[in-house]
1. For every helix of n ≥ 4 consecutive DSSP H residues, a contribution of -39,500 (n - 2.57) applies; sum these over the chain, divide by its total residues, and give [θ] at 222 nm rounded to the nearest 500 deg cm²/dmol.
2. Got a sec? What order do F128, F165 fall in by accessible area at 1.4 Å, biggest, i.e. largest, first?
3. Straight-line reach from K61: which lysines have Cα under 16 Å away, leaving out those fewer than 8 places along the same chain?
4. Between S62 and R119, what is the label-point separation in nm under the 7 Å Cα-to-beta-carbon projection?
5. In percent, how large is the relative contact order of the stretch 88-175, given Cα pairs closer than 8 Å and 6 or more residues apart?
6. So what's the angle, to the nearest 10 degrees on a 0 to 90 scale, between helix 23-35 and the longest Cα principal axis of the chain?
7. Where does helix 50-59 land angle-wise versus the long Cα axis of the chain, in degrees 0 to 90, nearest 10?
8. State the extension gain, in nm to one decimal, for the chain segment bounded by V160 and T22, taking 0.36 nm per residue of separation less the distance between their alpha-carbons.
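The values are calculated or read from the model by the stated rules, or taken from the named source; none is laboratory data. Predicted, not measured: the structure shown is a model, and the values here were computed from it. As a convention, Cβ positions derive from the backbone with ideal geometry for all residues, glycine included, and neighbour counts pool all protein chains shown. These area figures cover heavy atoms from the full protein model, side chains too; ligands, DNA and RNA do not enter into them. Shrake-Rupley method; radii C 1.70, N 1.55, O 1.52, S 1.80 Å.
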Amino acid sequence: AEMGIKAHPRRGHTLPSKLRITPDLARFIGYYVAEGHSRDNSVRVTNFDRSVLEDCINICKSELGIDGKIHNGTVAIFGSRQLEFLLKNVLECGDSAYSKRAPKAILQAPAGVVWEFLRGYYIGDGNFRVRPTGCTICANSKNPELIRDISVLLSRFGIVPSLEFNRSSGMYMAH
């Protein structure tokens, strides 16, 4: 992905002008699209599983050179204007539950990268439902466009989900 970020003397860290989306970075992007938000020059990913938060921190450090910290055991925080810019403006992931999307770079990526994005997304916004008709694995979002993106990605693996809107929760689902 072409970054459009230039070095600046007052910034302590500058991302490269070109970035390769690795499977690990794709997983972080999946976590962010599922459970993240960005504002005020920072990025946050919320999850109750500490190993997911540690994975976020390790990926950002190893792939982007950006340090993060865990706050209250449930949030990975990255105080980085450039990470916020990358996710919101370059990759166009969105910044809230209503604007999140799978990036075009993920939609066009090799299968291994797509798989890791989906893995991160499902860890964050996926669930397992048991009904009298059987068991399903669901992806949930407030944004119908994101659920369509997830459906397109799943179709690359021969999985064609059913789409549904849950009026009581206001969530769109692919299952």
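1. -10000 deg cm²/dmol
2. Heavy-atom accessible area, descending, gives F128, F165.
3. By straight Cα distance, K61 reaches K69.
4. 1.1 nm
5. 24 percent
6. On a 0 to 90 degree scale, this one is about 70.
7. Once rounded, one gets 50 degrees.
8. 47.2 nm
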